[in-house]
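The values are calculated or read from the model by the stated rules, or taken from the named source; none is laboratory data. Treat the numbers as computed from the prediction; the structure is a model and nothing was measured. Glycine also receives a Cβ, built like all others from the backbone with ideal geometry; neighbour counts cover every protein chain displayed. Calculation scope for accessible area: heavy atoms of the full protein, side chains included, ligands and nucleic acids excluded. Shrake-Rupley method; radii C 1.70, N 1.55, O 1.52, S 1.80 Å.
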Amino acid sequence: MLHNISSLKHELFAVFSTCTLVALIVCIAPRITEQYRKKSQFSQQFVLGTVLSIAENNIEEDPFVDGRYSGNQKIRVRIEEGEYAGQEFDSTNTLSSLRSAIAYEGLTAVFAIRMDKYNNPVVWLYNYRRTTHIYLLSFVLAVLVLFVGHLKGLRSLLALLFTGTAVLYVIVPCMWSPHPTLVALFTLGISCGVSFLLIAGFSKKALCASLGTLCGVFLAGLLAYIFGKIMNLSGVDMEKGESLLYLAQSRNFKITSLLFVSILVACLGATMDVAVSIASSAEQLNLASGGMSRVAFFNAVLSVGKDIIGTMTNTLILAFCGSSLPLAMMIWGYHMDYMQFMNIPLIVINILQAVAGSIGMVASVFFTAMLSVLIFKGRSKKSLQAVSRDPKI
């Protein structure tokens, strides 16, 4: 009974502390980072509206893309929120292969409003409202994590909430700051520490996993930075980099840091997964056979890592391949020559991200295993020399 009460207190403390930190970041970070963002150059508003009626419906199915239509619709719209809430407007909804949001009576969607040259509002159907479905899918994920993981699942969700908040409210805005790389390193380090504290508590396992993760992530980012410089790559060559270039010209944005930071963020999750698996194995191994020598302990922990490396490297590579699938289809469809597509900056960056991230993840296995000897077995110069000289490593 007392154990259950104590456990409940710990969980409530974890929830309260994490939610407090998240609230502080959400409230304080924008006040600091707003100085890096200039006033918006766009004047349109995006609000919810409802289609009242369809006056004309001149659309036909697209011959090339299933489920898409081309043509136009004349619709009557009532705006549901904002400055023009309750007002009705006539609008033209133009459809094509790239944009195919079909209007129908009763549809509630996102509408854009801008002013014409006579200062009159012009309304058009911007896109379907998809946020409800995103919330529903996120709710399913949360329920599933809680159902399977129970209290550990709750802590995992809290860690996810903190990491997402840190990325969106600190790292992204501070990419416009004078030192985006330092901010990203510091923020990811804090996020990594908080995540492991939530999942593993104040323990040797959490310390070992945190340090191993940071070592692996830093190595991945460092390799990306060095080889990016050697191959003359930068954030401009990344997807949407050209659009960011226009922002960099008018604002204080160090786009050269984008590639390095993106590598850090992209490989953090997989590296954390590997590091905590190794640290957990080290903890259990130490409990089961506390009398094991340091060299044997290191080799045993590293052997666990070897089993993990294969699947996790596949996971990271396939994640990047999945995001680059349209690009790969374009290469195959246009019969591009090997020397042509292998030297396209965007493709080289995708390969660099996948390979550097995998190297960082694999390195975290070694770093975490080495750190587990220090943390679980204590510091002994003689034993560490023996570990480093072991021919099995």
_I need the full set of residues from the range 312-361 which are within 22 Å of Ile278 (Cβ to Cβ), open to solvent by 40 Å² or more (accessible area, probe 1.4 Å) and not polar (S, T, N, Q), in order please._
Ile317, Leu318, Ala319, Val355, Ile359
*Counting only residues that are under 14 Å from Ala101 (Cα atoms), touching an Asp or Glu at 6+ places or on another chain (Cβ under 9 Å) and open to solvent by 30 Å² or more (accessible area, probe 1.4 Å), how many does the range 57-84 have?*
6
*Inside the range 299-311, can you point out the residues that are of a type outside the set (S, T, N, Q), open to solvent by 50 Å² or more (accessible area, probe 1.4 Å) and at pLDDT below 80?*
Asp307
*Can you name every residue in the range 32-51 that is in a strand (DSSP E or B) and modelled with pLDDT under 85?*
none
*Any idea which of Phe147, Phe162, Phe227 is in a helix (DSSP H, G or I), open to solvent by 70 Å² or more (accessible area, probe 1.4 Å), of a type in the set (Phe, Trp, Tyr) and modelled with pLDDT of 90 or more?*
Phe147
*asked:* With the requirement that a residue be touching a strand residue (DSSP E or B) at 6+ places or on another chain (Cβ under 7 Å) and open to solvent by 70 Å² or more (accessible area, probe 1.4 Å), what does the range 113-128 give you?
replied: Arg114, Met115, Trp124, Tyr126, Tyr128
*Residue check, Ile54 assigned to a strand (DSSP E or B) and open to solvent by 50 Å² or more (accessible area, probe 1.4 Å)*: yes
_Could you go through the range 202-220 and let me know if any residue there is part of a helix (DSSP H, G or I), open to solvent by less than 40 Å² (accessible area, probe 1.4 Å) and modelled with pLDDT under 85._
no
*Give the range 165-200 a look and list any residue that's outside any helix (DSSP H, G or I) and open to solvent by 70 Å² or more (accessible area, probe 1.4 Å), or say none.*
Val172, His179
*Report whether or not Ala29 is more than 30 Å from Trp176 (Cβ to Cβ), at pLDDT 80 or above and open to solvent by less than 90 Å² (accessible area, probe 1.4 Å).*
no
*asked:* Consider the range 52-80. How many of its residues are at pLDDT below 90, within 37 Å of the chain's Cα centre (by Cα) and acidic (Asp, Glu)?
replied: 3
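One line per residue, one yes/no per condition, for (1) touching a Leu at 6+ places or on another chain (Cβ under 9 Å); (2) hydrophobic (A, V, I, L, M, F, W, C):
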| site | (1), (2) |
| --- | --- |
| Pro178 | no, no |
| Thr187 | no, no |
| Phe196 | yes, yes |
| Gly201 | no, no |
| Ser210 | yes, no |
| Leu219 | no, yes |
| Leu223 | yes, yes |
| Gly228 | yes, no |
*How about the range 271-355: which helices (runs of 4 or more DSSP H) wholly inside it have at least 1 residues that are in contact with a Lys or Arg (Cβ under 8 Å, 6 or more places away or on another chain) and within 15 Å of Phe376 (Cα to Cα)?*
294-323
*Restrict the check to the range 6-21 and report whether at least one residue is surrounded by fewer than 12 Cβ atoms within 10 Å (Cβ to Cβ), assigned to a helix (DSSP H, G or I) and at pLDDT 85 or above.*
yes
